[in-house]
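Shown next, in structure tokens, is the structure this report addresses.
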Amino acid sequence: METTENITPEAFMKFFRDTEKLNQLTPEDRTEIFRTVLLGSSDLTEDLLNEILSDYSVIICRQ
């Protein structure tokens with residue numbers, strides 16, 4: 001069910017920080033948010049990518 005209700009940044013962050021509510025999102029929803037939340041290419045740095053990879057315990061094998 002879609003809603004046309006406006007959501008404030010504060011309400012979005014409250015939802016985002018609520019684990020119970022966040023767990024209602026589908027994996028596709030989470031991926032969409034993850035892929036689109038940054039403003040632009042200047043937000044996506046090598047340091048940030050390395051931090052994210054570390055947070056998710058992803059190991060990159062470089063040859």
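Things to note:
- The lone exception for Met1 - which of (1) open to solvent by 80 Å² or more (accessible area, probe 1.4 Å); (2) among the aliphatic types (A, V, I, L, M); (3) at pLDDT 85 or above it fails: (3)
- Residues located in the stretch 23-63, provided they are more than 18 Å from Phe12 (Cβ to Cβ), surrounded by 10 or more Cβ atoms within 10 Å (Cβ to Cβ) and polar (S, T, N, Q): Thr45, Asn50, Ser54
- Scan the stretch 11-24 for residues that are under 24 Å from Leu48 (Cα atoms) and either touching a Leu at 6+ places or on another chain (Cβ under 6 Å) or not polar (S, T, N, Q) (or both) and the total you get is 8.
The values are calculated or read from the model by the stated rules, or taken from the named source; none is laboratory data. On a predicted model such as this, the values are computed, not experimentally measured, just so you know. Every residue, glycine as well, gets a Cβ built from its backbone with ideal geometry; the counts of neighbours run over all protein chains shown. These area figures cover heavy atoms from the full protein model, side chains too; ligands, DNA and RNA do not enter into them. Shrake-Rupley method; radii C 1.70, N 1.55, O 1.52, S 1.80 Å.
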